[in-house]
Amino acid sequence: MLCLTLSLSSLRLSPSPLQSQTTAQHCLTLSLPSPRLSPPPLQSQMAGQLHERIQSSSMDAKLEALKDLANSSRDVTFAQEFINLDGISLLTQMVESGTDFGDLLSFTLTAFVELMDHGIVSWDTFSVAFIKKIAGYVNKSAMDTAVLQRSLAILESMVLNSQDLYQKVAQEITIGQLIPHLQGTDQDIQTYTIAVINALFLKAPEDKRQEMAHILAQKQLRSIILSNVIRSPKPINDEMAHQLYVLQVLTFNLLEDRMMTKMDPQDQAQRDIIFELRRIAFDVECEPNNSGSIEKRKSMYTRDYKKLGFINHVNPAMDFTQIPPGMLALDNMLYFARHHQDAYIRIVLENSSREDKHECPFGRSSIELTKMLCEILKVGELPSENCHDFHPMFFTHDRSFEEFFCICIQLLNKTWKEMRATSEDFNKVMQVVREQIMRALTQKPNSLDQLKSRLQNLSYTEILKIRQSERMNQEDFQSRPILELREKIQPEIMELIKQQRLNRLCDGTCFRKISSRRRQGGCLSLSLTHSLTHSLTHSLTHSLTHSLTHSLTHTHTEKEFGLCTLSAALYTKQPHISPSEVQELAFSVLYESDEYLNFIAPDKHEYCVWTDGLNALLGKEMTSDFTKSDMDTLLSMEMKLRLLDLENIQIPEAPPPIPKEPSNYDFVYDCN
């Protein structure tokens, strides 16, 4: 029901608390004010009382007053009234005095945090003495958990909300003083500690961030977080996951400077990196200037740069003038060449030995892959406020981005070979590689080795299967018209499979005989009139058991078994046949009431072909795995071909209505 409520605090329309108790009517209700949102006069009175009580000389009375203040400060109306009484200044003075400890200090800081969260008072108004006091609580080795947690929260807010306070906080606390808080077992303390580190990282000037990252590496922050947080037996909560995500983003954002830096073709130090790539790949030393003619050396360099897969063979430095990825791509290539030298040399030499159109250009691939990885990891973008998407594997290595690149460039080369790609297929290969990487990342591998393993399983063939499965599971493929079309096509496909099986039977198959004395064989084929012809060489027994029950003594004999004489038990598996490894490949042809031939197929494929073909001759259903696989493949291809013209067109669930008949048929269409 909807109620019109007249509040004592102000005249306005609002939902009535009686709404859930009344049904199917409208009423005019005079309601008392909600206890949560007290009218300003009452809130003002309460604020004044608490303002006096927290200054009491009695410690017990003061503690109770601070508890009430911490609870009441969540109400924005009360907070406004208390702040108007200069309550924030009173709380900061109590902290600066240093006379309160334990619960008194804890509730004082809690009330302060709750009041400041409303955004009524600017953070720039606090003194250096207050900042030093809060930082002192964080720097102490043994501090009450509640006080430490509130102090970390206050420092984070100071850094994020004021550039001036960032400078002051950065002078008071160091990374080394924050590290011990990560080595404890309290996840809330760990979360607030990482939040402070993130805040300092985020607000640091660009020229200071690399220096701060170097300090974090020296203090082994990554390994401490990995062992004490990520691999802790406690599950990671959402807030911790968010802070780890923020730290991950800020760490990768350190790459932005290199990503947006173009290569200077005239910079000799940068050109030396390209020379180093050539030296490692082809095991050559830089030739002295007087060795051979200039033209000869130019030709040799051009040949090698072409093998390295650069677009510009004459001056490969020009390949790195595109931003992004700029110099970051060259950094990755050099890291790969130095730290994974065998894989680097193998990729370069393997591709240089292929035909030009089939080679996977290492240089071009590295540049495009680096750009892709920057897009996937959103390098250069600020962290999202609501995202929790951190990857544990990036905390397992100090050079995680470079290692990530090394794994992915080998994946790209592998996928290129699987696709049998040419230079025209470069963009298609990159799309498949992107999909492979994205699918592997969604599984959140715990280590880079685990990522490598999962990428190995996501081959090009597997990606095609996943794509097909996803397409088949889309709503369009489950709609009634599509299902009806599948049912209509299936008999045609089954008839096609049946004809293929019969044709294979006509081609015939050589079956081997298992004997204790010697191996003998025979061929079985289907004549064009669909009667079985059995051609025997040497002495072929009718039974493949070790005891000979009936033998054909002719060296070459042929027997025809008319279809009319075939029993319904045309073939059966023979569990008595030995050895055991071929039992799954055995079947029998019963052509008389007491005469039969036992066969062992060469492999599973031939077994399926023959059992399917014999079932087809008997008019039975073909049930082998091979038939199911063929049906799925052919049906999928046929459906794609028939629906090709309907791509991106919504298929209705029901057929469109047939229009009404015209009032008369006295009309004609002039084709001319």
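Nothing in this text is a laboratory measurement; each read-out follows from the coordinates by a stated rule. Note that this is a predicted model, so its numbers are computed, not measured. Cβ: placed from backbone, ideal geometry, glycine included. Neighbour counts: every protein chain shown.
What's the ranking of 54-65, 172-183 by average number of surrounding C-beta atoms within 10 Å, highest first?
The most tightly packed comes first, giving 172-183, 54-65.
Estimate the FRET efficiency between Phe426 and Lys465 by the formula 1/(1 + (r/R0)^6), using the beta-carbon distance for r and 30 Å for R0, to the nearest 0.05.
The formula returns an efficiency of 0.80 here.
Roughly what percent of Cα-Cα pairs across the stretch 177-287 reach past 17 Å?
63
At 0.36 nm per residue, minus the direct Cα-Cα distance, what do Asp666 and Met631 gain on full extension? Give it in nm, one decimal, please.
Length difference between fully extended and current span is 7.6 nm.
Once you place label points 7 Å from the Cα toward the Cβ at Asp257 and Lys444, how far apart are they in nm?
Those two pseudo-labels are separated by 3.3 nm.
Give me the net charge of Thr193's neighbourhood, meaning all other residues with Cβ under 11 Å from the Cβ of Thr193; Lys, Arg count +1, Asp, Glu -1.
Here the count lands on -3.
Sort 453-466, 149-162, 252-265 for me by packing, meaning the mean count of neighbouring Cβ atoms within 10 Å per residue, highest on top.
149-162, 252-265, 453-466
Separation of the stretch 203-270 and the stretch 75-137 by C-alpha centroid, Å?
With the stretch 203-270 and the stretch 75-137 each reduced to a Cα centre, they are spaced 33 Å.
For the stretch 406-474, build the charge dipole from Cβ charges (+1 Lys, Arg; -1 Asp, Glu) around the Cα centre, then report which of Leu458, Gln431, Ile409 sits farthest towards its positive end.
Leu458
For Cys510 and Asp603, compute 0.36 nm times the residue count separating them, minus their Cα-Cα distance, and round to one decimal in nm.
Result: 32.3 nm gained on full extension.
Apply the Karplus curve 6.51 cos²θ - 1.76 cosθ + 1.60, θ = phi - 60°, to the phi angles in the stretch 170-179 and return the couplings in whole Hz, x for Gly and Pro.
Values, residue by residue: 4, 7, 8, 10, 10, 4, x, 7, 8, 3 Hz.
Calculate one ³J(HN,Hα) per residue across the stretch 300-305 by plugging θ = phi - 60° into the Karplus curve 6.51 cos²θ - 1.76 cosθ + 1.60, and present them in order as whole Hz with x for glycine and proline.
5, 5, 4, 4, 5, 5
Say the dipole of the stretch 325-463 comes from +1 at the beta carbon of Lys and Arg and -1 at that of Asp and Glu; which of Thr370, Tyr344, Pro383 then lies farthest toward its positive end?
Most positive-ward Cα: Tyr344.
In terms of modelled amide H atoms, which long-range or inter-chain residues lie less than 5 Å from the amide H of Asn312?
The list, which skips near neighbours in sequence, is Asp319.
Quick one: dipole size for the stretch 199-328, taken about the Cα centre, charges +1 on Lys/Arg Cβ and -1 on Asp/Glu Cβ, in debye to the nearest 20.
280
For the stretch 311-374, count all C-alpha to C-alpha pairs, find those more than 17 Å apart, and express that count as a whole percent of the total.
I get 44 percent for the Cα pairs in the stretch 311-374 exceeding 17 Å.
Given the convex hull of the Cα atoms of the stretch 404-446, what is a quarter of its surface area in nm²?
Computed as one quarter of the Cα hull surface, the answer is 3.1 nm².
State the extension gain, in nm to one decimal, for the chain segment bounded by Gln49 and Gln499, taking 0.36 nm per residue of separation less the distance between their alpha-carbons. Before the final figure, lay out the partial values.
On the way: separation 450, 0.36 × 450 = 162.00 nm, distance 9.56 nm.
Additional length available on full extension: 152.4 nm.
Suppose R0 equals 45 Å; then what is the FRET efficiency for Leu646 and Asp238 from their Cβ-Cβ distance, rounded to the nearest 0.05?
Here the calculated transfer efficiency is 0.55.
For a quick check: with amide H placed at 1.01 Å from N, whose amide H comes under 5 Å from Thr261's, ignoring anything fewer than 5 positions away on the same chain?
Met327, Leu328
Quick one: net charge of Asp164's neighbours, Cβ under 11 Å, K/R +1, D/E -1? Walk me through the numbers before you get to the answer.
Working: positive: Lys168, Lys203; negative: Asp124.
For residues surrounding Asp164, the net value is +1.
Gln43: net charge of surrounding residues, Cβ under 9 Å, Lys/Arg +1, Asp/Glu -1, itself excluded?
Combined, the nearby Lys, Arg, Asp and Glu give -2.
Counting Lys and Arg as +1 and Asp and Glu as -1, each charge on the Cβ, what is the dipole of the stretch 33-185 about the Cα centre in debye, to the nearest 20?
Using Cβ point charges on Lys, Arg, Asp and Glu, the stretch 33-185 gives about 220 debye.
Within the stretch 186-211, what residues put their amide N at less than 20 Å from the label point 7 Å along the Cα-to-Cβ vector of Ser141?
Within reach of a label on Ser141: 186, 190.
Does the stretch 111-256 come out rounded, prolate or oblate, given a ≥ b ≥ c as the square roots of the eigenvalues of its C-alpha gyration tensor, rounded meaning a/c under 1.5 and, failing that, prolate meaning a/b above b/c?
Verdict is oblate for the stretch 111-256.
Given a Förster radius of 41 Å and the C-beta distance between Ile175 and Leu485 as r, what FRET efficiency does 1/(1 + (r/R0)^6) yield to the nearest 0.05? Don't jump to the answer; show the numbers that get you there.
Working: r = 65 Å, r/R0 = 1.58.
E between Ile175 and Leu485, to the nearest 0.05, is 0.05.
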